[in-house]
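The values are calculated or read from the model by the stated rules, or taken from the named source; none is laboratory data. Everything numeric in this text was worked out from a predicted model, so none of it was measured. Heads up, the Cβs are rebuilt from the backbone with ideal geometry, glycines too, and the neighbour counts pull from every protein chain shown.
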Amino acid sequence: MQNTTSTPDLLSRRLTWLPLLAIGFIVAAIVLAFAWVAGWLTPDRLTPARFTNAIETSNGQVHRGFRRAHAKGVCVAGYFEGNGQGVELSSARLFSTVRTPFIGRMSIGGGSPYGLDNKARVRSMALQLNSDDGQQWRMAMNSFPFFAVSSVEAFYEQTAANAPDPATGKPDPAKVAAFAAAHPEFARFAEWAKNTPWSTSWANTAYNSVNTFRFSNPAGEQHHVRWSMQPQTAFVAMSPEEREAADDNFLTEDLMARLAHGPLRWDMVVTIAAPGDSITDPSKIWPEDRRKVTVGSVVIESSSPQTSGACRDINYDPLILPKGVDGSEDPLLAARSAVYSVSFNRRQYDIATGKADTAIGQASSQETSP
Amino acid sequence: MNDTANVPENHAPLNHVESCPDPRHFNFTARVLHWSMALMILAMLFVGIGMVSSLSLRPALISLHQPLGIAILLLVIVRLINRLRHRPPPLPADLPAVQVFAAKASHWLLYALMFAMPLIGWCMLSVGGYPVTMFNGFALPAIAPHNATVYAVFRSAHTWLALLLFATVLMHLAAALFHAWVRRDDVFASMARGYVTNAKTLGEEKEHENSANE
């Protein structure tokens with residue numbers, strides 16, 4: 001240092017502000033890029049957190065420690081029994097002739113853990129299958145055969161339109177109508193909801209993947225698929241009068257009664273897309289004549305309350321998949337994965353901070369139902 | 001200047017530069033690890049914030065985040081061993097004490113975070129019941145039992161320590177550029193290249209060689 005001459009020293013001193021400015025600019029640019037990626041600079045950009053906020057708002061209140069959607073449910077356990085027919089479609093271990101145990105959850109749509117079973121149009125089955133090769137497959141399936149809307153944005157708008165009006169405590173009919181008018185595909189779902197007969201049990205309901213997935217077999221051949229768990233329990237329709245008379249928790253009571261007599265079974269039926277079938281739009285159904293392969297059975301053997309059961313702390317993220325199964329380009333799949341993760345983080349945080357006594361079954365009395 | 005006495009005998013004169021009392025730059029391994037990990041860590045921070053704030057990119061980014069995190073964990077082990085076995089070049093003698101402290105503290109903080117972030121990430125996924133997927137068909141084993149409360153703690157820690165790591169990386173970058181452009185000392189060069197180009201230090205290098213020959 002002492003060897004340097006005074007001339008460059010003077011020069012560098014005079015120009016000190018320039019490199020300092022450059023350093024400040026570089027650091028600020030990186031911070032801004034980070035903030036932009038995080039969504040902090042774009043309050044209107046839809047993020048998983050903002051989507052989850054909208055779900056919480058539409059629920060009317062936050063039920064601490066419970067799932068933000070499909071909050072009411074019951075844990076189940078059992079196994080999947082492959083029949084070998086799926087091996088040609090996917091290298092997933094599940095499809096071999098083995099039994100793969102699962103921790104599952106049967107639930108109803110809606111954001112309240114005190115939702116009324118006889119008012120819930122949507123029923124669901126979620127499974128976490130643990131194969132003996134160490135791989136995991138999580139499924140989150142619904143009783144509707146196709147999705148209500150065709151895009152993530154429309155799903156968000158639907159959620160926002162269903163938020164209760166503070167004045168009435170019910171969704172604003174004008175907003176619901178405006179949403180339906182803006183999304184013509186919703187009419188088909190409304191039609192399904194209105195006219196499809198209700199069944200009497202979780203056990204005689206079919207559960208569908210709704211979104212499209214991609215199977216690949218050991219030879220590297222790929223197929224776009226959807227699947228459905230078709231009940232072996234005979235369908236029995238429930239009349240509006242029967243529903244009106246049914247208990248608020250009739251689905252859980254019915255499930256426990258049935259399981260006391262033996263396991264419940266569903267066939268897993270895989271439908272293979274033909275060229276031209278919509279992969280990215282889960283609101284579009286595929287024609288009935290598509291090739292279908294029954295690949296095995298879901299067998300539920302037991303149930304336990306979700307407050308203490310093993311399903312409570314599982315995020316049934318439909319994109320946790322084994323080798324041989326991948327998500328498709330359906331944007332709803334990625335969005336579900338992202339929003340489920342936020343919901344999971346929030347409810348686990350509720351439990352950790354002691355705000356979720358009801359959700360973990362440690363409350364002396366139930367919190368008031370809305 | 002009898003620092004060579006501290007270097008274990010079995011690997012003392014690895015090359016002519018390291019046999020000098022004060023190395024003028026970080027060794028080749030350190031430089032390769034530094035620049036590749038700098039790129040990986042900056043990428044990880046952006047991938048991490050991107051995957052929790054995007055409704056469409058999460059699947060792609062998470063499948064990158066997990067193996068990259070484990071790769072950083074493996075590399076930082078190699079890096080720490082290399083760092084402990086090879087003395088880094090000294091800071092300039094005229095550096096103010098507070099900057100010396102900031103330099104040393106921030107480097108150990110960076111090392112601590114480079115270890116902590118992937119370990120907390122692995123732990124967090126384990127206690128959250130998630131598989132830690134390296135690539136399609138291969139997942140790492142859980143390193144802690146499934147637990148909601150521990151998950152919440154680790155999940156929060158992963159976020160806050162990531163932000164601390166981001167801030168530390170930025171300060172590190174700003175300080176490095178300050179050395180290069182404002183102080184114009186050899187600190188940046190000691191990591192940027194393996195040989196010294198400017199005439200002054202070349203002269204000093206020669207002096208060292210001469211003194212080593214004596």
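Side notes on the structure shown:
- Extreme residue, surrounded by the most Cβ atoms within 10 Å (Cβ to Cβ), among residues of segment A:48-61 that are closer than 16 Å to B:MET51 by Cβ and touching a residue at least 24 places away in the same chain (Cβ under 8 Å): A:PRO48
- The set of residues in segment B:45-65 being more than 12 Å from chain A (Cβ to nearest Cβ) and under 18 Å from B:LEU163 (Cα atoms) consists of B:HIS65 alone.
- Leading residue by the ranking (farthest from A:ARG105 (Cα to Cα)) among those in segment A:231-257 that are among the polar types (S, T, N, Q) and without any contact (Cβ under 8 Å) to a residue 60 or more places away in the chain: A:SER239
- Residue that is modelled with the lowest pLDDT [pool: residues in segment B:113-157 that are within 17 Å of A:ASP317 (Cα to Cα) and of a type in the set (Ser, Thr, Tyr)]: B:THR133
- Count - residues of segment B:85-99 that are without any contact (Cβ under 8 Å) to a residue 40 or more places away in the chain and under 18 Å from the mean Cα position of the chain (by Cα): 0
- Single match in A:ARG123, A:ARG105 (criterion: surrounded by 21 or more Cβ atoms within 10 Å (Cβ to Cβ) and within 24 Å of A:GLU185 (Cβ to Cβ)): A:ARG123
- When segment A:308-322 is filtered for residues that are surrounded by fewer than 19 Cβ atoms within 10 Å (Cβ to Cβ) and out of contact with any strand residue (DSSP E or B) (no Cβ under 6 Å at 6 or more places or on another chain), only A:SER308 remains.
- Residue within segment A:352-364 that is within 13 Å of chain B (Cβ to nearest Cβ), in a helix (DSSP H, G or I) and closer than 29 Å to A:HIS63 by Cβ present: yes
- Subset tally (residues that are at the interface with chain B (Cβ under 8 Å from one of its Cβ atoms), in a helix (DSSP H, G or I) and not aliphatic (A, V, I, L, M)) for segment A:295-346: 5
- Hits in segment B:135-151 (condition: more than 7 Å from chain A (Cβ to nearest Cβ) and surrounded by 15 or more Cβ atoms within 10 Å (Cβ to Cβ)): B:LEU140, B:ALA142, B:ALA144, B:ASN147, B:VAL150
- Checking each residue in segment A:167-211 for being of a type in the set (A, V, I, L, M, F, W, C), assigned to a loop (DSSP other than H, G, I, E, B) and more than 12 Å from A:ARG123 (Cα to Cα) picks out A:ALA167, A:VAL210.
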